[in-house]
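Read the figures in this text as sums done on the coordinates, not as results from a lab. Remember, predicted model here, so these are calculated numbers, not experimental data. Note: ideal-geometry Cβ built from the backbone for every residue, glycine included; neighbour counts use all protein chains shown.
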Amino acid sequence: MSDAQAVSVLLEDRLITLTRAVGLIRRRNLPVRSLAIGPTATPGLSRLTIMMQSDIETAERAVQHLEKVIGVRGAIAFPTLDGVARELALVKVRSPHHCYAELLDVIQLYNGVVLDDSNDGLIIELSGSEAFVLSCLRALDAFEVVEVARSGTIALGTANNLQSEAGR
Amino acid sequence: MTETLTGSQILCRALLEEGVDVLFGYPGGAIMPFYHALPEFPGLRHVLVRHEQAAAHAADGYARASGRAGVCVATSGPGATNLVTGLATANMDSTPVVAITGQVARAMMGRDAFQETDIIGITQPITKHSRLIEDVEEIEDAVREAFQVAQEGRPGPVLLDIPKDVQNQRGSWTGGRADRRTGGKDSTTAVPAYRPAALEEAARLIAEAERPLIMAGHGVVLAGAYPELRVLAERTGIPVITTLLGISGFPESHPLHLGMPGMHGEVHVNRAIQQSDLIIGLGLRFDDRVTGNLAGFARGAKVIHVELDSSEIGKNVPVAVGLVGDVREVLCSLLPLISPRNCDAWRREIAGFVRPRDESFRADLSPQAILDAISDASDGRCTIVSDVGQHQMWVAKLFRYQRPNSHITSGGLGTMGFAVPAAMGVALARPGLPVWAISGDGGFQMNMQEIATMVQEGIPVKMAVFNNGYLGMVRQWQQFFHGKRYSATPIWSPNYVKLAEAYGIAGHRVESIDQLEGAIAGAAAEPGPVLVEFMIEQEANVFPMIPPGGSLSEPIEGEAATPLVSA
């Protein structure tokens, strides 16, 4: 049964370590949906979140391979249902006068935030689960979407097993 | 006490601290500061190869024979890229190699400078680790880390890329760091990672199995687990199969030794696997050449998998009990739980599977005769380094290996051209012991330029060329699976006796069995490198053979088999 698994990797915040980790995912031919990387609360450490469309065993094998990479301090796999997963999207939509109000209704419905409102269009910020963001993007398809930037999903395992990233 | 030295001097001192005594390399622009420093360190013997690929293979051979990391050195750009095949070979077979490459000066990097390549990027998937050294102060620790990573846990190649200006940069040398290891993080390090209950479960499976087999892989050789493996086998009577890289991990004359499994494994070995109810896999990765079609592999068998690298357990075959750790350490923990038993009925059953070998050789000068003569001439004390192809399978199956780690070959990557340069490394790691590099006429011509290295450095490798005028293994596949269309497989060879003469070494051609003994005796007595060419039957095949994608139950056993023409 193929499902969405999150693989969360704590690694040194150097490009070479990131390249190694991502290169490994490519070389092992793992089914990646999205990648997101950013800093953590610990200086010098980044967190790479890899969303995989796979069973949990495949994700756990990815963890075993990733843990062998020098510079990776730890990795964990969990089904997204067991964790907290969010993604951010920025959407640029053309907003002709005749449907402006309708567009704002859709944005409001999805708790979107208007970041920029110029003559021709809007930039909207959306966040939520991947499914939520996709649903919102579908709703916006009724208008003219010009560009989309999505962050890729970031995720943390639930707080049942608290293990500090510091000291890794 | 801290001294100020150049990066190159620090590098040399750090190599000496790691116990390095020989380097295989080739100079060039971006590594010249290192070569400038090298003569100040007579403890570092440099072997000038004729192609950087040979440096990597020689370092690999040195590592496999000595158990310590082998070191190769190359310049940036083409020098570095020429190492790639050798590093990939070492990576697939888990051997510790440290490669040092020059890089263009830091200010030039990223600007497509002369002889610049991103060797870190190129070698990333084929090294265990690699590191660009960006400052002289990193060198000491980087060398320490490189040897630690290369040698500890599941071994593998490590590459250090050092810009030319960093080699010239002056920095501080402290020394003594090799003794101050901090035990860096390496998840493949041999910390046994299993519950005691898993050991007990393994012992229970071993006690209860009716048709158990031990499958010994490279991990047995790497861990030196020969006595432990022997105790396990003798206490339980369980027959032992040795994979291509596990060969010589268990004495072949032992009554419990069965042979090699897989694509060219003996019929009775593969049949035993298919009939078994328990496979005890020791330090192997259940490679496709061993298992054949996974769906049809040992369907009735539970698997106990002892392996240093946890990511190998369950990768290819489902495992009942996985024991992560060094094979020797795991066996030492397991053996006290193992009670004596026997497998007499099962062994009788396997004996019934043995087929009289379909002698594929019609000519007298058979691989068996050649290998027996080589074995006899050295009283079984020689190390055999084989290349890749038909002769590799004959050498694996027919040579009578008695001494641990006396068979060295490129298994995982299957690198033609490996034997001759790797044998140079083996010969330097085992001075005074005979080393035979056995190649086909194809593989030999890939790296025969290294004869010059042997002559210049006085490396006494005995080279055997099995000459059948074909790229024999590919021709065999063409015969069976491509309708006998021998496309690009006939291969011309130079006159090897004259070639030997041109290099100033002894050369013999053996065309018939009556010339065999004299030629081998002559080669054995030769103190320096020597070349012996064996004119073997042209279209002999390696039998049995599992067709690619087939299961171990479907061997092709001889010429009479129906050729399968691929679609």
Taking R0 as 22 Å, what's the FRET efficiency between residue A:132 and residue A:15 from their Cβ-Cβ distance, rounded to 0.05? 0.10
Filtered hits (lysines, Cα-Cα < 16 Å from residue B:315, offset >= 8 within chain) -> A:68, B:302
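Taking the DSSP beta bridges in chain B as the whole, what percent of them are antiparallel, to the nearest 5?
Details: 7 of 71 bridges.
Rounded to the nearest five, the antiparallel share is 10 percent.
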Going by C-beta contacts inside 10 Å, put A:150, B:64 in order with the fewest on the left. A:150, B:64
So what's the back-of-envelope 222 nm ellipticity for chain A, counting only DSSP H runs of four-plus at -39500 (n - 2.57) apiece and dividing by all residues, rounded to 500? -8000 deg cm²/dmol
Along the charge dipole of the range A:1-159, Cβ charges K/R +1 and D/E -1, which of A:114, A:143, A:155 sits furthest on the positive end? A:155
Taking the beta-carbon count within 10 Å as an exposure proxy, list B:306, B:435, A:145 from fewest neighbours to most. A:145, B:435, B:306
Leaving out same-chain residues fewer than 8 places away, which lysines sit with a Cα under 27 Å from that of residue B:498? B:462
From DSSP H assignment alone, runs of 4+ in chain B each adding -39500 (n - 2.57), the sum over residues rounded to the nearest 500 puts [θ] at 222 nm at -10000 deg cm²/dmol
Taking the Cα centre of the range A:3-80 as the origin and placing charges on Cβ (Lys, Arg +1; Asp, Glu -1), which of A:52, A:15, A:75 is farthest toward the positive end of the dipole? A:15
Extending each Cα 7 Å along its Cβ direction at residue B:320 and residue A:41, get the distance between those two points in nm, one decimal. 4.6
Counting DSSP beta bridges with both partners in the protein assembly as shown, what percentage is antiparallel, nearest 5? 45
Give the separation of the Cα centroids, the range B:455-507 to the range B:206-257, in Å. 34
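Using Cα pairs under 8 angstrom and six or more residues apart, how large is the relative contact order of the range B:367-535, in percent?
Contact order relative to length: 22 percent.
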Compute the relative contact order of the range B:331-448 as a whole-number percentage, counting only Cα pairs closer than 8 Å that sit 6 or more residues apart in sequence. 26
Where the centre of each part is set by its Cα atoms, how far does the range B:387-448 sit from the range B:25-95, in angstrom? 19
The aspartates and glutamates whose Cα lies under 13 Å from the Cα of residue B:164, excluding any fewer than 8 residues away in the same chain, are B:116, B:134, B:135
Under the classification rounded if a/c is under 1.5, otherwise prolate if a/b is larger than b/c and oblate if not, where does the range B:463-567 fall, given a ≥ b ≥ c as square roots of the Cα gyration tensor eigenvalues? prolate
Please say if chain B is rounded, prolate or oblate, where rounded means a/c under 1.5 for a ≥ b ≥ c the square roots of the C-alpha gyration tensor eigenvalues, and otherwise the choice is prolate for a/b larger than b/c and oblate otherwise? oblate
To the nearest 0.05, the calculated FRET efficiency linking residue B:502 and residue B:537 through their beta-carbon distance, R0 being 22 Å, is 0.20
Just name one of B:85, B:499, B:72: the one whose Cα is farthest towards the positive end of the charge dipole of chain B (beta-carbon charges, Lys/Arg +1, Asp/Glu -1). B:85
What's the magnitude of the charge dipole for the range B:48-132 around its Cα centre, counting Lys and Arg as +1 and Asp and Glu as -1 at the beta-carbon? Answer in Debye, nearest 20. 220
Among B:130, A:46, A:118, which comes first, second and so on when ranked by fewest other beta-carbon atoms within 10 Å? A:118, A:46, B:130
Under a crude label model (7 Å from the Cα following the beta-carbon direction), how far is residue B:294 from residue B:48 in nanometres? 4.9
Distance in nm between pseudo-label sites at residue A:142 and residue B:403 (7 Å out along the Cβ direction from Cα): 8.3
Calculate, for residue B:106 and residue B:372, the FRET efficiency according to 1/(1 + (r/R0)^6) with r their C-beta to C-beta distance and R0 60 Å; round to the nearest 0.05. 0.55
Could you give the size of the charge dipole of the protein assembly as shown about its Cα centre, using +1 on the Cβ of each K and R and -1 on the Cβ of each D and E, expressed in debye and rounded to the nearest 20? 800
Is the range B:3-179 rounded, prolate or oblate when judged by the Cα gyration tensor, a ≥ b ≥ c being the square roots of its eigenvalues, rounded requiring a/c under 1.5 and prolate requiring a/b larger than b/c? rounded
Which value, in debye to the nearest 20, describes the size of the charge dipole of chain A about its Cα centre when Lys and Arg Cβ atoms bear +1, Asp and Glu Cβ atoms bear -1, and nothing else is charged? 920
